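The structure appears below as structure tokens.
The values are calculated or read from the model by the stated rules, or taken from the named source; none is laboratory data. Quantities reported herein were computed from a predicted structural model and do not represent experimental measurements. Please note: Cβ atoms are built from the backbone with ideal geometry, for glycine as well, and neighbour counts cover all protein chains shown. Accessible surface areas use protein heavy atoms only, side chains included; no ligands, DNA or RNA. Shrake-Rupley method; radii C 1.70, N 1.55, O 1.52, S 1.80 Å.
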Amino acid sequence: IGCNTLVCVAIFCSLAADDVFGKCFVLWFPIMTFACIGYEHSVANMFFIPCGLFYGAPVSWGLAIGKNILLVTAGNLVGAVVMCDLFFWFGF
């Protein structure tokens, strides 16, 4: 939930900036925060988990999809829709 909340905050902040430097500056902090905290993002996991499986990680496809990708995607949807989009929809 927290990961996609920070990603949506970064996107909304970049939309508020006027120039390229401002957009890059305001994108940096929310994205770096979720990376440093260790949140998982569903799109990144859709690359990293199959890559690890192809290189011989001791995980099955069912376990990777069932216990990681589906749960992380659900959390990312809640973070995007509930934590960011609904607040902006009600506010504006």
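Data table
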| read-out | value |
| --- | --- |
| Residue tally, condition surrounded by 15 or more Cβ atoms within 10 Å (Cβ to Cβ) and of a type in the set (V, I, T), over the stretch 28-43 | 2 |
| Among (1) touching a Leu at 6+ places or on another chain (Cβ under 9 Å); (2) in contact (Cβ under 8 Å) with a residue 24 or more places away in the chain - the single one S60 does not satisfy | (2) |
| Selection status of G22, surrounded by 15 or more Cβ atoms within 10 Å (Cβ to Cβ) and in a helix (DSSP H, G or I) | no |
| Filter result for P30 (out of contact with any Phe, Trp or Tyr (no Cβ under 7 Å at 6 or more places or on another chain), touching a residue at least 24 places away in the same chain (Cβ under 8 Å) and part of a helix (DSSP H, G or I)) | yes |
| Qualifying residue in the stretch 7-19 (condition: of a type in the set (D, E, K, R), open to solvent by 100 Å² or more (accessible area, probe 1.4 Å) and not in a helix (DSSP H, G or I)) | yes |
| Looking only at the stretch 52-92, and only at residues there that are of a type outside the set (A, V, I, L, M) and part of a loop (DSSP other than H, G, I, E, B), the one that is surrounded by the most Cβ atoms within 10 Å (Cβ to Cβ) | S60 |
